[in-house]
Amino acid sequence: MGRFLVTGITFGVFMTEALIHYNMGKTKEGEKFRFQLPPAREMAKIAAVTGTFSLVSGVLINSIQHRLNGKL
């Protein structure tokens with residue numbers, strides 16, 4: 001359960017950050033920042049990358065946690 005919780009929270013935070021960065025990149029110099037969702041295909045790419053790194057993060061956190069618990 002803990003691994004899935006960490007992965008889910010990480011995905012939520014990373015996805016939010018990715019969408020903010022996407023919008024920052026789309027905003028032209030001097031324009032007011034507007035938050036909008038990318039087209040479906042672009043959103044899928046962002047979600048796939050974010051999901052992959054969230055899974056890696058969850059696995060690493062779980063692995064390190066198990067190793068530390070064995071040494072404490």
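Assorted remarks:
- Taking residues in segment 5-27 that are closer than 15 Å to GLU42 by Cβ, and partners anywhere that are open to solvent by 90 Å² or more (accessible area, probe 1.4 Å), the pairs with Cβ atoms closer than 6 Å and at least 6 places apart or on different chains are ASN23/PHE35.
- If only residues of segment 22-72 that are closer than 25 Å to VAL6 by Cα and of a type in the set (Phe, Trp, Tyr) are counted, the one that is surrounded by the most Cβ atoms within 10 Å (Cβ to Cβ) is TYR22.
- Close contacts from segment 28-57, counting a first residue that is without any contact (Cβ under 8 Å) to a residue 40 or more places away in the chain and under 12 Å from THR16 (Cα atoms) and a second that is open to solvent by 90 Å² or more (accessible area, probe 1.4 Å) and among the hydrophobic types (A, V, I, L, M, F, W, C), with Cβ to Cβ under 8 Å and a gap of 6+ residues or different chains, come to MET43/LEU37.
- Residues located in segment 2-21, provided they are open to solvent by 90 Å² or more (accessible area, probe 1.4 Å) and over 21 Å from VAL59 (Cα atoms): HIS21
The values are calculated or read from the model by the stated rules, or taken from the named source; none is laboratory data. For clarity, every value in this text was computed on a predicted model and none was experimentally measured. Note that each Cβ is placed from the backbone with ideal geometry, even for glycine, and that neighbours are counted across all protein chains shown. Just so you know, the surface numbers come from the protein's heavy atoms only, side chains and all, with ligands and any DNA or RNA stripped out. Shrake-Rupley method; radii C 1.70, N 1.55, O 1.52, S 1.80 Å.
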